[in-house]
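The values are calculated or read from the model by the stated rules, or taken from the named source; none is laboratory data. Just so it is clear, the model here is predicted, and its values are computed rather than measured. We place every Cβ from the backbone using ideal geometry, glycine too, and count neighbours over all the protein chains shown. Areas reflect the complete protein model, heavy atoms only, side chains present, ligands, DNA and RNA absent. Shrake-Rupley method; radii C 1.70, N 1.55, O 1.52, S 1.80 Å.
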Amino acid sequence: MKLIARYCRPYAGRMLFGFLIKIAGTFADLGLPWVLSYILDEVVPLGEIRPVLYWGAVMLFLAIAARYCNIWANRKASLVASDVTRAVRHDLFVKTMGLSGSQTDRLHIPSLISRMTSDTYNIHQMVGMMQRLGVRAPIILLGGIIITFTMEPVLTLVLVVLLPVLGGLIFYISGKGIPLYKKVQAAVDSMVRIMRENISGIRVIKALSKTEYEKARFAHASEDTVERELHAGHVMALSGPVISLLLNIGLTLVVVAGAYRVNSGASEPGKIVAFLSYFTMILNAVIMINRIFVVASKATASADRIEEVLGAPEELLLQQGEETGAQRENVPHVEFRGVSFGYHAGAGEREKYCIQDISFSLRHGESLGIIGATGSGKTTLLNLLMRFYDVTEGQILVDGQDIREIPPEELRSRFGVVFQNDVVFADTLQENISFGRQLGDEEVSVAAECALAAGFIREKEDGFLHKAAIKGADLSGGQRQRLLVARALAGMPELLLLDDASSALDYRTDADIRKNIREQYADTTTILVAQRASSVMQMTHILVLEEGMCIGYGTHEELMQQCAVYREIAELQMGDVE
């Protein structure tokens, strides 16, 4: 609840104004039964029409005022709820974008998606309801009790006896509901994960005829979510029937006792009618308070999950060092010094390392090809270089400066990157290349030409203004990869990272793109992760990895002589190349 209060604080003035309007409307509602009682007991016996009309006009005014004020206050409440939710969602998104790779791994992307959607929706519901019912219900409850006590103290005792029982019941059930709703959200996370996997891999699923299998997986996750929702709903809904039963018993007692008091002359009919109206209003107020606690239980569970993300510590802290961005003479452009890393390992836990003691250096304009078996740590090296994760041991330097001393935005602005399974956005091909960097048409065109993407782009009816489908579904695999390479080149990067960026290209196209990069981006330092020996053999340096360790480093010719693993790869793929 602290999180919700913190985000509501900037809107305190607007909320207070809405509360005042709501209070005015609620008091108008409370006044209606009292005026009716007065008319029945005091005005009607006079036998004059004018006072009846006058007090009838008062009732009409109160009814209109109550209606107008409640509508106005509810609209104000909806606006505040929307603004609060927008602020929470914005901060959550910004924080999510700043999470380290290890934090994202721990929290899981599907869970982050559900926190951004269903959890923020629960907070929206909570903030809106607290402004609408959180003011009205307590006022009607307390105000109704006070008014009925002044009118009929004896009958009011029935309410006084029931309220502590009702309050204790509501608090007890609400306490049970919060952990149950946390379990519901965890089940939603699992369901979203399966849904996301299936949507992303729908072609593979169909190709392998696993549609029924995936349907069963999703049905199981959905059923688990439904079961948890039903369990939480049953527990929270238990209060409704019990409250209604107790209040209806109380109402029955009031009717019986009221009839006896009217017959005995101890009370007047108008007061009994008003008392019954107030009792109904109080009954509804208690039910509204119960609804508030149900929604509050959901929102509290959701707020805790959101706070887990917003409160996550900064893992990729900027370390103190020399002035960032300073160019140094006679230092490598990129240097790895004894780098070791494990995704879930601390310093010294070498048995958990997936990268061990990697050292190499590249000067400006040089290139490095990284080759090795699947799972040998090739992509991990790129993730470490871009500081998605911090090294467990060792150092990574760019222009002689530890990357932990460089602000992440400044560091990453130096890179042009193509990742495995990179994303083509549902936007124009030009914007997919420019990617919000406000690049001119000439820069985009030059990058597309170098990546051999300009040809197929110009064949489109709208050329560079052609709007790609979601994830580039209307492009072939090779077209997508060439478009992504163009995006990486368009910003004239200092460092170009290509992670298996040619897997969908034929050998000739792959070779032509690499040739264009060498000629047109000669000052750019390039690191290429590849499965093909032919893709790395022209690189200045080649790093051969096996189970996270360097087993070969040098030129193609040197490795053919010195590294049996590299020689085997090259001979299997290209035959006898010596």
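Can you name the residue in the range 249-283 that is polar (S, T, N, Q) and touching a helix residue (DSSP H, G or I) at 6+ places or on another chain (Cβ under 8 Å) and, of all such residues, is most open to solvent (accessible area, probe 1.4 Å)?
Thr280
Within the range 122-144, track down each residue that is open to solvent by 40 Å² or more (accessible area, probe 1.4 Å) and in contact (Cβ under 8 Å) with a residue 60 or more places away in the chain.
Gln125, Met130, Arg132, Arg136, Pro138, listed by residue number.
Out of Arg67, Arg89, Arg75, which single residue is charged (D, E, K, R) and free of Cβ contacts under 8 Å to residues at least 12 places away in the same chain?
Result of the check over Arg67, Arg89, Arg75: Arg75.
Under 9 Å by Cβ, and 6 or more places apart or on different chains, what pairs join a residue from the range 482-497 that is closer than 17 Å to Gln438 by Cβ and open to solvent by 10 Å² or more (accessible area, probe 1.4 Å) with one that is modelled with pLDDT of 95 or more and assigned to a helix (DSSP H, G or I)?
none
Would you pick out the residues in the range 34-54 that are modelled with pLDDT of 90 or more and buried (at least 16 other Cβ atoms within 10 Å of the Cβ)?
none
Considering each residue of the range 445-472, count those that are assigned to a helix (DSSP H, G or I), more than 23 Å from Met492 (Cβ to Cβ), open to solvent by less than 50 Å² (accessible area, probe 1.4 Å) and out of contact with any helix residue (DSSP H, G or I) (no Cβ under 6 Å at 6 or more places or on another chain), and give that number.
0
Please find, within the range 530-578, the residue that is farthest from Ser340 (Cα to Cα) out of those that are acidic (Asp, Glu) and touching a residue at least 24 places away in the same chain (Cβ under 8 Å).
Among those residues, the one meeting the criterion is Glu546.
Going through the range 340-366 one residue at a time, which ones are among the aromatic types (Phe, Trp, Tyr), part of a strand (DSSP E or B) and either in contact with a Ser or Thr (Cβ under 6 Å, 6 or more places away or on another chain) or free of Cβ contacts under 8 Å to residues at least 24 places away in the same chain (or both)?
Correct list: Phe341 only.
For Tyr181, are the conditions met, namely being open to solvent by less than 40 Å² (accessible area, probe 1.4 Å) and hydroxyl-bearing (Ser, Thr, Tyr)?
Spelling it out, Tyr181 is indeed open to solvent by less than 40 Å² (accessible area, probe 1.4 Å) and hydroxyl-bearing (Ser, Thr, Tyr).
Of all residues in the range 210-230 being more than 22 Å from the chain's Cα centre (by Cα) and basic (Lys, Arg), which is most open to solvent (accessible area, probe 1.4 Å)?
Lys215
Given the conditions (1) open to solvent by 80 Å² or more (accessible area, probe 1.4 Å); (2) modelled with pLDDT under 90, which single one is not true for Gln562?
Gln562 satisfies all of (1) open to solvent by 80 Å² or more (accessible area, probe 1.4 Å); (2) modelled with pLDDT under 90 except (2).
Can you tell me which residues in the range 440-462 are under 14 Å from Leu483 (Cβ atoms) and hydrophobic (A, V, I, L, M, F, W, C)?
Passing the criteria: Val444, Ala447, Ala448, Cys450, Ala451, Leu452, Ala453, Ala454, Phe456, Ile457.
Can you find even one residue in the range 305-328 that is in contact with a Gly (Cβ under 7 Å, 6 or more places away or on another chain), open to solvent by less than 20 Å² (accessible area, probe 1.4 Å) and either over 30 Å from Ser367 (Cβ atoms) or at pLDDT below 75 (or both)?
No - not one qualifying residue is present in the range 305-328.
What residue, among those in the range 367-404 that are in a strand (DSSP E or B), under 20 Å from Arg350 (Cβ atoms) and of a type in the set (Gly, Ala, Ser), is modelled with the highest pLDDT?
Gly394
Tally up the residues in the range 233-243 that are over 19 Å from Pro138 (Cβ atoms) and either open to solvent by 40 Å² or more (accessible area, probe 1.4 Å) or hydrophobic (A, V, I, L, M, F, W, C) (or both), please.
Qualifying residue count, the range 233-243: 7.
Examine the range 105-115 for a residue that is open to solvent by less than 50 Å² (accessible area, probe 1.4 Å) and modelled with pLDDT of 90 or more, and state whether such a residue exists.
no
Select, from Gly31, Gly18, the only residue that is open to solvent by less than 50 Å² (accessible area, probe 1.4 Å), of a type outside the set (Ser, Thr, Tyr) and either touching a Leu at 6+ places or on another chain (Cβ under 7 Å) or outside any helix (DSSP H, G or I) (or both).
Only one candidate passes the filter, namely Gly31.
Is it the case that Ala87 is closer than 20 Å to Ala296 by Cα, under 38 Å from the mean Cα position of the chain (by Cα), open to solvent by less than 50 Å² (accessible area, probe 1.4 Å) and of a type outside the set (Val, Ile, Thr)?
Spelling it out, Ala87 is indeed closer than 20 Å to Ala296 by Cα, under 38 Å from the mean Cα position of the chain (by Cα), open to solvent by less than 50 Å² (accessible area, probe 1.4 Å) and of a type outside the set (Val, Ile, Thr).
Considering only residues of the range 515-537 that are at pLDDT 90 or above, touching a helix residue (DSSP H, G or I) at 6+ places or on another chain (Cβ under 7 Å) and in a helix (DSSP H, G or I), which is nearest to Val418 (Cα to Cα)?
Ile517
List pairs: first in the range 38-49 and over 17 Å from Ile147 (Cα atoms) and in contact (Cβ under 8 Å) with a residue 24 or more places away in the chain, second acidic (Asp, Glu) and open to solvent by 70 Å² or more (accessible area, probe 1.4 Å), Cβ under 6 Å, 6+ apart or cross-chain?
Every condition considered, no pair remains.
Return yes or no: is Arg196 surrounded by 13 or more Cβ atoms within 10 Å (Cβ to Cβ), of a type in the set (Lys, Arg) and modelled with pLDDT under 75?
yes
Looking at the range 345-392, which of its residues are open to solvent by 30 Å² or more (accessible area, probe 1.4 Å), within 14 Å of Gly552 (Cβ to Cβ) and of a type in the set (A, V, I, L, M, F, W, C)?
Ala373 - this is the single residue of the range 345-392 that is open to solvent by 30 Å² or more (accessible area, probe 1.4 Å), within 14 Å of Gly552 (Cβ to Cβ) and of a type in the set (A, V, I, L, M, F, W, C).
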